[in-house]
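The values are calculated or read from the model by the stated rules, or taken from the named source; none is laboratory data. If you're wondering where the values come from, they're calculated on a predicted model, not measured in any experiment. Here the Cβ is made from the backbone with ideal geometry for all residues, glycine too, and neighbour counts use every protein chain on show. Just the protein is used for accessible areas: all its heavy atoms, side chains included, with ligands, DNA and RNA removed. Shrake-Rupley method; radii C 1.70, N 1.55, O 1.52, S 1.80 Å.
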Amino acid sequence: MLLAVCLMLSWRALSETNFFFSQIYEYNGIEEQIAKYGPQNRNRNDFETTTKSERAKIFGEIVRSVNNGGQGLDDIVYRDASGEIIDTFLTQPEIDHLNDVARLITHLSGILSYLAAILGVLVMVFWIGKSWKNIEIWRPYTVAKSFLSMLALLLVCCGMVLAVGPQRVFYALHEWIFAGMAPWHFYFQESLMTTMLTEPLFGSISILLMVSAFAIWVLLSALINKILG
């Protein structure tokens, strides 16, 4: 339960930072992939002429839209260096897929908000039992033990992903999560979204999510330990 809450808080915190898109831009092959496939796109023209800041803005608009039920997806445009609109960024199939993503995020956020509330209530109940009734219902792990258990979990997960292959894991998760929904696979020559959102970028975002969730886990564990320890 605590891990799920940490992941939710991590997603929300990183969304506010645009997942550090501008900071990790050069390390994820984005510029090279756009330069290669932008001119080949059959649906949109001249995306390769856009600037890094324009691409970061587009990424931020996508993040805000999927975090707000998909609102504004069809209004995302890309501009040239002078600020003139070139075209809309997303095609209708891409919008349909991102609306599926937005519904998933909304659903998960609702569930995780309930889990966070339940966790808060449990900690309060345990604290009342300990402070008022001198009944120790549950003793939390020490911060060091929480740190080591989370680190072990991260290493196991990373090992499994590396053993199976990051791309295979990515595709398998999409096939499982989005089964029966709008198509989610797009070719570079048809999709600016696929061109800009490189596979290494998704890997970097996953690492950021796990590292920040890890940090939140340690902080919450320290807080819970202080309250109940």
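General remarks:
- For beta carbons closer than 9 Å, sequence separation of 6+ or different chains, a first residue in the range 209-229 that is without any contact (Cβ under 8 Å) to a residue 12 or more places away in the chain and a second that is hydroxyl-bearing (S, T, Y) and in a helix (DSSP H, G or I), the qualifying pairs are V211/S10; A215/S10.
- Taken residue by residue, the range 127-143 has at least one member that is open to solvent by less than 50 Å² (accessible area, probe 1.4 Å), modelled with pLDDT under 80 and not aromatic (F, W, Y).
- All of I111, I95, I76, I85 fail the test of being over 30 Å from A215 (Cβ atoms), β-branched (V, I, T) and open to solvent by 70 Å² or more (accessible area, probe 1.4 Å), apart from I85.
- Residue-level check: of (1) more than 21 Å from S113 (Cα to Cα); (2) without any contact (Cβ under 8 Å) to a residue 60 or more places away in the chain, I58 misses just (2).
- Boolean, G60 is within 29 Å of L219 (Cβ to Cβ) and either open to solvent by 80 Å² or more (accessible area, probe 1.4 Å) or outside any loop (DSSP other than H, G, I, E, B) (or both): yes
- Residue within the range 168-177 that is touching a helix residue (DSSP H, G or I) at 6+ places or on another chain (Cβ under 7 Å), free of Cβ contacts under 8 Å to residues at least 24 places away in the same chain, under 30 Å from E94 (Cβ atoms) and aliphatic (A, V, I, L, M) present: yes
- Scan of the range 105-125 for residues that are out of contact with any helix residue (DSSP H, G or I) (no Cβ under 7 Å at 6 or more places or on another chain) and under 25 Å from G70 (Cβ atoms), ordered by number: T106, H107, L108, G110, I111, S113, Y114
- Residues that are among the basic types (K, R) and either open to solvent by less than 10 Å² (accessible area, probe 1.4 Å) or part of a loop (DSSP other than H, G, I, E, B) (or both) within the range 48-57 comprise just one, R55.
- Of the residues making up the range 1-47, just one is open to solvent by less than 50 Å² (accessible area, probe 1.4 Å), within 30 Å of L108 (Cα to Cα) and not in a helix (DSSP H, G or I), namely N28.
- Residue-level analysis places L155 among those that are under 20 Å from I205 (Cβ atoms), modelled with pLDDT under 95 and surrounded by fewer than 17 Cβ atoms within 10 Å (Cβ to Cβ).
- Residue check: L162 meets all listed conditions (1) more than 15 Å from F19 (Cα to Cα); (2) open to solvent by 70 Å² or more (accessible area, probe 1.4 Å); (3) of a type outside the set (V, I, T); (4) modelled with pLDDT of 85 or more but one, namely (4).
- Residue satisfying all of: in the range 63-82; among the hydroxyl-bearing types (S, T, Y) and not in a helix (DSSP H, G or I); nearest to N28 (Cα to Cα) among these: Y78
- Qualifying residue in the range 33-55 (condition: at negative phi, touching a residue at least 40 places away in the same chain (Cβ under 8 Å) and among the β-branched types (V, I, T)): yes
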